Amino acid sequence: MAFIQENGSAKLGKREIARAFGIHGGDRIWLKQMLKDLETEGVVNRKNKGLRTKGQLAPTIIAEVTGRDRDGELLARPVEWDEADGKAPKIIVLIPRKMRPGLRIPGIGDQAVLRVDLAKGESETYLGRIVKTIMRNKALALGIVRILPDGSMRLVPVDKKGRSGEIPLAAEGAENLEDGDLVSAALAQAGRFGTPRARVKEKHGSIKTERTISLIALHAHDIPHIFPPEVLAEAEAVEPATLTGREDWRELPLVTIDPPDAKDHDDAVYAIEDTNPENPGGFVVTVAIADVSAYVTPSSALDREALNRGNSVYFPNRVVPMLPERISNDLCSLRPKEARPALAMRMVLAADGRKLSHSFHRIMMRSAAKLSYEQAQKAIDGDPDDTTGPLLEPILKPLWAAYQAAGKARDQRGPLHLDLPERKIVLKADGSIDRVFVPQRLDAHRLIEEFMILANVAAAETLEKAGSDLIYRAHDEPSPEKIRTLAEILASVGMKLPKQGALKPATFNGILDAIEGSEHQLFINEMVLRSQAQAEYTIENYGHFGLNLRRYAHFTSPIRRYADLIVHRALIRALKLGKDGLPAATSREQLAEVAASISVAERRAMAAERETTDRLIAHFLADRVGATFSGQIAGVVGAGLFVKLDETGADGFVPVATIGADYYRFDDKRHVLVGERTGESYRLGDKVEVKLVEAAPVAGALRFELLSDGRSSPRRLDRNRAPGKKNTAPIKKDKKKKPTRKTRRAK
């Protein structure tokens, strides 16, 4: 335990421990079992395929400054911390004696990227060195206007953290505001102990529109969405790339296949049959990716802002881009019939889909056509249009044939196969929701995904072979705790988690195959997804569990992900494709800091996108309070039930106090609420009918009333039996017919 405490990291595993303690031969089996027991007991944790003692921090983390100690030292707490590991360790933020340019000291409430080490002689206190500070603008608040009967106005802050109640809003600057409008307001304290006052700085419009609702999420998660003037100026000053130093591939008929409403096109594909007689039935596939590194150079204003944003953020009717439109929608968008710089990967596939070889090229290309997924699929299915008709034989059919070959190798590899519907929100002209639907999943979608995965693998392989450091896209296997929870959930629907050695995607695929077509299909797919670890960016390669790949890196979307831009630069330097590659002085520690920063940026973007969808749907359903919906129980806790609606995929809550005329107890092992008197139960996955009784659009929350009866129990609980004895009391028959849920409500 002391050794793991001192050396715990993503690299520490059985091999390193065996070497340190001189354990050889058959004794390694004993060591493996001992480590497994320690992990099961929760004494050590396995993170990124490496061991750490419970509560031990990674070398580079994102932390929030929470206050100061008696000596005036800044104290911080990890932003991501699993409460199951106990109390979060204390971090003392060290202030450097000499500040490097651009480094700022964080204040209370700010976040910072820290390099942490255990304090000497301590086991729960860390010292954190500042790498980067993420400042919060505390002078501005985003809030909703509430107009009182006397005409005065109040600001209801969207972010309640650190603020309580409503804030008086000054009349100056608040002209023409309506109740429910969203505004940005400057906050000022009225005297030392006075109440705060707010003054409108910017009007955003009605809270009922998508634009204003997405602004709430951007503000709540501190996502930058306004480009600084120097970044825009640098983008406008960029000159288009030339053919110098590039291969001329402008005659190769690459095509882009994207959603119909896509504004930027960063990947293009092409395939032909391999004419090499040694590869009968094989294919040569080309994947070309926009060369963002030609325009966004290391340490430039564009580069600093891209790293700060980490990725683009996607809302139903708008995008908060990582790069200005001059770069993302113009110079780097692979528009048809226009010359564009690209980094291309050409690979040779065998007839069975195995990749025989690949190579990278820095090119100048010209897209032959811009197609949508539906358009390309229709052409393959026998319904081409004026655009796809001439492309069908020379381009589309070879692409589909190559995809079918690649599918053989994919099926042999056996990645995790989850079948979860992805709902799409369609908006009206005024920004409110028109409808929510599940778009059809096409082979055209799968084709692009498969070729992008192959290109990402090739990028990681090439950089590893060149001995270059890189940022991996890694996905750990599920934790023992999540596997135990999944096993309990499966047991509740009469299924067992297969017992075998090492976890593999095939373990979960067997479960998904077994429930295909059953009433539990959607529910179990959701539970399997929840059991998985979260993918992240890291400099340590511990593989990608979900895709069942040993190495994987993001290469195919540098317009919208900073990780891909780093991989592009690393390839340019490793393969000597230009002078604008990754700087030679870039260290592993710097890459680790970048990986930690963009992992956090990705998670905040996901949270913002999810919350915006929840708020939009809550607005959409606000006019349907009292309506009845069908759904499925997606969560069971002591306080009640979470229900996911079939129609919109929205989640809402049913408080336990409102369920029936019984007292319900929570069985955490079976994930079920059980009526103490009747034995009636509600469990995960049950189909139910609910009535919407409340919609809170700003919070994105829904409250339901349960209309369905629970599962009947063959035996009621005998509350008078002695502890530890079985329930052997006879069941008394009710003289009256058990009332239905509707008659209970009527009473």
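The values are calculated or read from the model by the stated rules, or taken from the named source; none is laboratory data. Just so you know, these numbers come straight off a predicted model, no measurement behind them. Neighbour counts are summed over all protein chains in view; Cβ atoms, including those assigned to glycine, are modelled from backbone coordinates with ideal geometry. With ligands, DNA and RNA removed, areas are computed over all heavy atoms of the protein, side chains included. Shrake-Rupley method; radii C 1.70, N 1.55, O 1.52, S 1.80 Å.
Report, ordered by the first and then the second residue, all pairs with beta carbons closer than 6 Å, sequence separation of six or more or different chains, a first member in region 544-565 that is at positive phi, and a second member that is assigned to a loop (DSSP other than H, G, I, E, B) and open to solvent by 10 Å² or more (accessible area, probe 1.4 Å). The qualifying pairs are Asn548/Gly414; Asn548/Pro415.
Please determine whether any residue of region 564-581 is of a type in the set (Asp, Glu) and more than 28 Å from the chain's Cα centre (by Cα). So far as region 564-581 goes, yes, one or more of its residues are of a type in the set (Asp, Glu) and more than 28 Å from the chain's Cα centre (by Cα). Inside region 480-495, residues that are open to solvent by 70 Å² or more (accessible area, probe 1.4 Å) and either of a type in the set (Ser, Thr, Tyr) or closer than 21 Å to Asp419 by Cβ (or both) make up a count of 2.
The single condition from (1) within 30 Å of Asp291 (Cβ to Cβ); (2) small (Gly, Ala, Ser); (3) surrounded by fewer than 19 Cβ atoms within 10 Å (Cβ to Cβ) that Ala639 fails is (1). Within region 49-69, residues that are over 20 Å from Pro480 (Cα atoms) sit with their Cβ atoms under 7 Å from residues that are modelled with pLDDT under 80 and small (Gly, Ala, Ser), at 6+ positions apart or across chains, in these pairs: Pro59/Ser9; Val65/Gly107; Val65/Gly109.
Step by step: first the residues of region 403-423, then only those that are within 21 Å of Leu621 (Cβ to Cβ) and touching a residue at least 60 places away in the same chain (Cβ under 8 Å), then the one that is most open to solvent (accessible area, probe 1.4 Å). Which residue is that? Filtering region 403-423 for residues that are within 21 Å of Leu621 (Cβ to Cβ) and touching a residue at least 60 places away in the same chain (Cβ under 8 Å), the one most open to solvent (accessible area, probe 1.4 Å) comes out as Arg423.
Filtering region 248-262 to residues that are surrounded by 13 or more Cβ atoms within 10 Å (Cβ to Cβ) and either in contact with a strand residue (DSSP E or B) (Cβ under 6 Å, 6 or more places away or on another chain) or assigned to a loop (DSSP other than H, G, I, E, B) (or both) leaves Trp249, Arg250, Leu252, Pro253, Leu254, Val255, Thr256, Ile257, Ala262.
If only residues of region 281-302 that are assigned to a strand (DSSP E or B) and touching an Asp or Glu at 6+ places or on another chain (Cβ under 6 Å) are counted, the one that is surrounded by the most Cβ atoms within 10 Å (Cβ to Cβ) is Ala290. Number of residues in region 465-497 that are within 24 Å of Ala592 (Cβ to Cβ) and not in a loop (DSSP other than H, G, I, E, B): the value is 5.
In region 344-364, is there at least one residue being more than 30 Å from Ala466 (Cα to Cα), touching a helix residue (DSSP H, G or I) at 6+ places or on another chain (Cβ under 9 Å) and not in a helix (DSSP H, G or I)? No, region 344-364 contains no residue that is more than 30 Å from Ala466 (Cα to Cα), touching a helix residue (DSSP H, G or I) at 6+ places or on another chain (Cβ under 9 Å) and not in a helix (DSSP H, G or I). Of Arg677, Arg670, all but one fail to be part of a loop (DSSP other than H, G, I, E, B), closer than 20 Å to Asn525 by Cα and open to solvent by 10 Å² or more (accessible area, probe 1.4 Å); the exception is Arg670.
Criterion applied to Val436, Val426 was being surrounded by 14 or more Cβ atoms within 10 Å (Cβ to Cβ) and of a type in the set (Val, Ile, Thr), and the one residue passing it is Val436. The set of residues in region 332-347 that are farther than 12 Å from Ala268 by Cβ, touching a residue at least 40 places away in the same chain (Cβ under 8 Å) and open to solvent by 10 Å² or more (accessible area, probe 1.4 Å) comprises Ala339, Arg346. Exactly one residue out of Glu230, Glu239, Glu202 is more than 30 Å from Met606 (Cα to Cα), open to solvent by 80 Å² or more (accessible area, probe 1.4 Å) and out of contact with any Lys or Arg (no Cβ under 8 Å at 6 or more places or on another chain): that is Glu239.
Within region 303-321, take every residue that is touching a Leu at 6+ places or on another chain (Cβ under 7 Å) and within 22 Å of Val600 (Cβ to Cβ) and give me the one that is surrounded by the fewest Cβ atoms within 10 Å (Cβ to Cβ). Restricting to residues being touching a Leu at 6+ places or on another chain (Cβ under 7 Å) and within 22 Å of Val600 (Cβ to Cβ), the top hit is Val320.
In this structure, Pro398 does not satisfy being open to solvent by 60 Å² or more (accessible area, probe 1.4 Å), within 21 Å of Ala268 (Cα to Cα), touching a residue at least 40 places away in the same chain (Cβ under 8 Å) and in a helix (DSSP H, G or I).
You will find that of Leu215, Leu169, Leu148, Leu182, the residue that is at pLDDT 80 or above, out of contact with any strand residue (DSSP E or B) (no Cβ under 6 Å at 6 or more places or on another chain) and open to solvent by less than 50 Å² (accessible area, probe 1.4 Å) is Leu148 and no other. Take Ile566 and tell me if it is open to solvent by less than 60 Å² (accessible area, probe 1.4 Å), in contact with an Asp or Glu (Cβ under 7 Å, 6 or more places away or on another chain), at pLDDT 90 or above and of a type outside the set (Phe, Trp, Tyr). No.
For first residues located in region 680-697 and more than 10 Å from Ile633 (Cβ to Cβ) and without any contact (Cβ under 8 Å) to a residue 60 or more places away in the chain, partners that are part of a loop (DSSP other than H, G, I, E, B) and of a type in the set (S, T, N, Q) and lie 6+ apart or on another chain with Cβ distances below 8 Å form the pairs Glu680/Ser712; Glu680/Ser713; Ser681/Ser713.
Identification of strands (runs of 3 or more DSSP E) wholly contained in region 45-114 with 2 or more residues that are open to solvent by less than 40 Å² (accessible area, probe 1.4 Å), modelled with pLDDT of 80 or more and under 30 Å from Ser300 (Cβ atoms) yields 60-68. Here His265 clears all of (1) open to solvent by 30 Å² or more (accessible area, probe 1.4 Å); (2) in contact (Cβ under 8 Å) with a residue 24 or more places away in the chain; (3) in a loop (DSSP other than H, G, I, E, B); (4) not aliphatic (A, V, I, L, M) except the condition numbered (1). Within region 24-44, track down each residue that is out of contact with any Lys or Arg (no Cβ under 9 Å at 6 or more places or on another chain), open to solvent by less than 80 Å² (accessible area, probe 1.4 Å) and either at pLDDT 85 or above or outside any helix (DSSP H, G or I) (or both). Residues satisfying the conditions are Gly25, Gly26, Met34.
Examine region 707-717 for a residue that is modelled with pLDDT under 50, at negative phi, open to solvent by less than 90 Å² (accessible area, probe 1.4 Å) and of a type outside the set (Ser, Thr, Tyr), and state whether such a residue exists. Checked against the condition, which is being modelled with pLDDT under 50, at negative phi, open to solvent by less than 90 Å² (accessible area, probe 1.4 Å) and of a type outside the set (Ser, Thr, Tyr), region 707-717 yields at least one hit.
Summed over region 498-532, residues that are in contact with a helix residue (DSSP H, G or I) (Cβ under 8 Å, 6 or more places away or on another chain) and not in a helix (DSSP H, G or I) total 5.
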